[in-house]
Amino acid sequence: MAMVAIGILLSSAIASCKTSPRSITPPLPSPDVQGASATDPIILQTEALYGLDFSRDGTKLLVIGKNVAQIYDTHTWRPLGDQMARKGMERGTFDAKADRVLTVDYATWIRLGPITREELETASACVWDAKTGKRVAVIRHAGQCVNDAAMSPDGSRVVTINAEDDRALVWDVARGELELVRILKHPGNVRTIQFDSTGEVLVTTYKNSDGHYIARLWNFATGETHDLPEPGEASWYWARPSLSNNGLIVLPTTYGISVYDISSLKLILRKSNLVGSHGQVFAVGLSPDGKFVGASHERESIWEVETGKLVSEGLFPAMDYELGDALPSFNADGVSIALPGNDGACIRNLRTGQLLRKLNYGWAHQATFSPDGTMLAYSYNNQTRVIFAKPDAQGSDRWKKSWEDRWEQD
């Protein structure tokens, strides 16, 4: 099968401020961040406990808090549409045009085995209209949790799985009417699922009879498949692969990572026996250009993909099991990187490790860059904060905080 280049919605960018943050409480008028005060930080009154996602064009920001999600316009910072209320909502993502949002319930990720009728009500995936905040569809498995879900970039298909089932179910949601259209069978129970940026390739992971963690690549149009070779033991239960714009995929294993070229299935890089008190790789991430790969294993490490050279290690705040799925967020400029942690979030120079900005103290649950390289959104203290790059600076200087500025934890 001729595989297309894999891509993902990638985060970019970071920020700087010299004045006190402004709190945005709907429906009060919101600042025009494109004007003279474009470097002032924004405070949104929805805390991103469980998810942050910029739309591909950077014009919208999805913030998922406790039992509620809200979309914000990134030009005016006004809320768009109604709040999306859903008990147990855990994460979400836009489709390519930011017309729809897919959310997955938190309970579905941690609950296996038989579930009660009450649990089943929140063990599902939901599709929402991004303009109005109205729910378009609720997707449930008969008597089972929906443990993971992915939406095609055009918003017409949703694929769901249950972690005790060997099937991935493909649903047509194009007309707002739920219809099961395909069933994708696997040799073992499916663990994770995601689309590439084109929607032509679907990546699933499953655990085979030997306990190995396998990544399967599907041509979504034809149903043809390829399993990546040289399987390893399954990693942290929900750890998922990460995809780059240039057709690479990184797989987490129990004590390491493996990077493959999607089209040739060639192994590009393998790192094993990573140091960590629990020996688990919680999360992995590739830079947008595929030049760097990061792994969170309690001593966050970053390598050059081409050479395998260790670029940095242990640069970020200490991680906690409850933040184990936090990914290093690479800036598309290839200069900066950020990561949330239980001692706050920070921004560093990717190549030198220089601390560019300490964002806060205490838990920072989420942090993600906008695709255009101008914004960083992160969660802190029951709020979501957005900071902006200095428009008159270059390289890593765009993210540096002047010595006279206050820390963001104030």
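FYI, it's all coordinate maths here, none of it is from the lab. It should be emphasised that the depicted structure is a prediction, and the values quoted were computed from it without experimental measurement. Neighbour counts run over all protein chains shown; Cβ positions are idealised from the backbone, glycine included.
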Q | Residues of the stretch 360-397 with amide N under 20 Å of a point placed 7 Å along Cα→Cβ from Lys66 | A | 361-367, 378-385
Q. How large is ³J(HN,Hα), in whole Hz, for each residue of the stretch 365-372 in order, when computed from phi with the Karplus curve 6.51 cos²θ - 1.76 cosθ + 1.60 and θ = phi - 60°, using x for Gly and Pro?
A. 6, 9, 7, 8, 8, 6, x, 8
Q: Quick one: which residues, 5 or more positions from Tyr380 or on another chain, have an amide H under 5 Å from its amide H? H modelled 1.01 Å from N in the peptide plane, none for Pro or chain starts.
A: Ala48, Arg385
Q: Would you please give the FRET efficiency between Gln83 and Asp166, computed as 1/(1 + (r/R0)^6) with r the Cβ-Cβ distance and R0 = 51 Å, to the nearest 0.05?
A: 0.90
Q) Which whole-Hz couplings ³J(HN,Hα) result when phi for each residue of the stretch 177-187 is put into the Karplus expression 6.51 cos²θ - 1.76 cosθ + 1.60, θ = phi - 60°, listed in order with x for Gly and Pro? A) 10, 7, 9, 6, 10, 8, 10, 9, 8, 10, x
Q: Would you please classify the overall shape of the stretch 242-314 from the alpha carbon gyration tensor, given that a ≥ b ≥ c denote the square roots of the eigenvalues, rounded means a/c under 1.5, and beyond that prolate means a/b larger than b/c while oblate covers the rest?
A: prolate
Q: Name the lysines eligible as straight-distance cross-link partners of Lys291: C-alpha to C-alpha under 23 Å, and not fewer than 8 places from it in the same chain.
A: Lys266, Lys271, Lys309
Q.
Check which residues have an amide H placed less than 5 Å from Asp165's amide H, if you skip close sequence neighbours.
A. Val190
Q | Cβ-Cβ FRET estimate between Thr76 and Ser156, R0 fixed at 41 Å, reported to 0.05 | A | 0.90
**Q.** Asn342 paired with Glu177, simple spin-label distance in nm, labels 7 Å along Cα-to-beta-carbon
**A.** 5.0 nm
Q) Between rounded, prolate and oblate, where does the stretch 132-206 land on the alpha carbon gyration tensor, with a ≥ b ≥ c its root eigenvalues, rounded for a/c under 1.5, else prolate if a/b exceeds b/c? A) oblate
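Gly294: net charge of surrounding residues, Cβ under 12 Å, Lys/Arg +1, Asp/Glu -1, itself excluded? Walk me through the intermediate numbers first.
Working: positive: Lys271, Lys291, Arg299, Arg348; negative: Glu300, Glu304, Glu313.
Around Gly294, the surrounding residues sum to +1.
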Q: Please turn the phi angles of the stretch 384-391 into ³J(HN,Hα) values with the Karplus equation 6.51 cos²θ - 1.76 cosθ + 1.60 (θ = phi - 60°), one per residue in order, whole Hz, x for glycine and proline.
A: 10, 10, 10, 10, 10, 5, 6, x
